[in-house]
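The values are calculated or read from the model by the stated rules, or taken from the named source; none is laboratory data. Treat the numbers as computed from the prediction; the structure is a model and nothing was measured. All Cβ positions, even for glycine, are placed from backbone atoms using ideal geometry, and neighbour counts span all protein chains on display.
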Amino acid sequence: MNGVRVKRGERARRVRGLGRWSRAGELNWLAAIVSDSQDAIVSKSLDGTILSWNPGAERLYGFSAKDAIGRHIAIIVPEDRQDEIETILDRIRRGDKIEAHETVRRRKDGELVLVSVTVSPICVPDGGVVAASVIARDVTRRFEIERALAESEQHRRSILAGMLRAEEEERSRIATALHDDTVQVMTASLLAMDRAALVARRHGDTRVEDALAYARATLEEATERTRRLMFELRPAVLHEHGLAAALRLLADQTAREVGATARVEDHAGRYDTVTEELLYRSAQEALANVRRHAGADTITIELNRRPGWLEVAIEDDGRGFDVVDVRNRPDAAFHFGLETLVERVRVAGGHAHVASNPGSGTRVSFALPVTDEPAASPESTSRPTEARAPRRS
Ligand SMILES: Nc1ncnc2c1ncn2[C@@H]1O[C@H](COP(=O)(O)OP(=O)(O)OP(=O)(O)O)[C@@H](O)[C@H]1O
Ligand SMILES: [Mg+2]
């Protein structure tokens with residue numbers, strides 16, 4: 001087979017569609033296709049004896065045609081896969097074609113190669129199977145690229161996980177400091193003010209009493225804000241009960257603050273910590289925007305599981321905005337909440353989308369790739385939550 005060439009005149013006639021094909025010419029033509037192929041093309045008898053071996057097979061397996069023809073196909077099959085030979089031959093004898101499948105073969109030098117192999121029966125005119133053709137392609141390189149990609153994906157996720165863990169630890173540290181120090185001092189100051197106000201009242205000093213009442217109200221407000229900050233920094237409920245439960249709390253709180261109705265629809269379930277934390281922090285930013293900018297009556301949060309993806313969408317019916325204008329306005333550099341959200345989700349291999357128009361609300365949606373089935377949890381059921389509070393004046 002090696003070096004078989006179609007005669008130049010024959011080829012030219014075929015190309016021009018001129019002249020009749022001689023049987024020998026046709027065979028020559030086909031042999032040239034086999035010979036020139038980059039794939040390894042081998043034929044074998046029904047007992048596995050190698051009958052032909054093209055240059056592609058020489059390159060792939062390292063055996064020359066002279067070495068290989070007449071020997072058993074087992075010479076290129078690794079020890080632990082020898083039983084594949086009989087299974088394949090059985091199917092070929094029945095006339096089955098074995099579509100491209102990946103397997104491992106052994107080169108003459110003992111090195112293993114990953115190949116994609118198609119095996120087809122070769123039939124004589126009356127339909128009987130007399131041999132098999134085997135076409136193999138080296139996919140080791142593709143496999144290596146896929147493995148490198150998978151490793152780099154894993155590496156990226158582990159860097160992200162480390163980053164998020166460090167952020168969470170830092171948040172947790174600040175929350176603890178606020179709780180153990182700042183809030184305690186504030187509470188002690190409130191008590192001290194109460195005592196001072198009592199003394200002022202006893203002395204009938206209404207000016208001091210009023211001034212203290214004003215200072216107390218301000219300090220109380222500051223304490224309340226610090227407590228909320230503590231919650232935002234360390235949402236224990238996220239780790240204990242999952243994303244839907246934590247978003248429900250956040251949505252209820254936001255709704256109460258702006259006098260809106262919040263609705264959370266959960267069709268998801270529980271996922272790994274990195275995924276839940278990233279989605280939670282992204283939703284937190286979108287909800288902070290609703291609180292600060294939207295003036296909405298209704299806030300809807302949806303958690304949806306799509307094949308391979310976990311998606312969260314936060315929608316409000318507030319004043320909306322022009323997405324392009326906002327990006328181009330002069331102070332855009334100082335407002336990067338949404339941009340950071342989109343970027344962080346992208347770094348994690350996901351995608352995010354902000355849709356808004358002046359006067360017709362805003363929808364921020366983002367999705368992360370997930371592989372595992374969601375773990376069962378009591379929060380995985382669809383349970384809309386409503387929270388309504390009077391609007392602040
Ligand atoms: N839900 C919303 N409703 C109305 N306007 C919004 C909404 N979300 C964002 N915007 C508009 O888009 C702008 C950009 O939002 P972005 O979150 O990037 O910045 P920011 O909230 O102003 O500042 P920060 O950097 O603190 O988040 C906001 O200033 C606001 O004008
Ligand atoms: Mg923002």
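Per-structure values
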| item | result |
| --- | --- |
| Candidate set: region 336-357, residues that are in contact (Cβ under 8 Å) with a residue 24 or more places away in the chain and out of contact with any strand residue (DSSP E or B) (no Cβ under 8 Å at 6 or more places or on another chain); chosen: the one farthest from ligand 1 (Cβ to nearest atom) | 347 |
| Options 42, 104, 115, 77; residue that is under 20 Å from residue 137 (Cα atoms), surrounded by fewer than 17 Cβ atoms within 10 Å (Cβ to Cβ) and not small (Gly, Ala, Ser) | 104 |
| Complete set of residues in region 318-335 that are farther than 17 Å from residue 353 by Cβ and either near ligand 1 (Cβ under 10 Å from one of its atoms) or under 17 Å from the mean Cα position of the chain (by Cα) (or both) | 318, 319, 325, 329, 331, 332, 333, 334, 335 |
| Options 229, 249, 191, 198; residue that is in the same structural domain as residue 323 (by TED's automatic domain parsing), among the aliphatic types (A, V, I, L, M), over 26 Å from residue 349 (Cβ atoms) and without any contact (Cβ under 8 Å) to a residue 60 or more places away in the chain | 249 |
| Residue in region 234-244 that is more than 16 Å from ligand 1 (Cβ to nearest atom), loosely packed, with under 15 Cβ neighbours inside 10 Å and within 25 Å of the chain's Cα centre (by Cα) present | yes |
| Top-ranked residue in region 246-279 [being more than 16 Å from ligand 1 (Cβ to nearest atom) and among the hydroxyl-bearing types (Ser, Thr, Tyr); ranked as nearest to the chain's Cα centre (by Cα)] | 275 |
| Identity of the residue in region 275-319, aliphatic (A, V, I, L, M), in a strand (DSSP E or B) and away from ligand 2 (no atom under 16 Å from the Cβ), that ends up surrounded by the fewest Cβ atoms within 10 Å (Cβ to Cβ) | 313 |
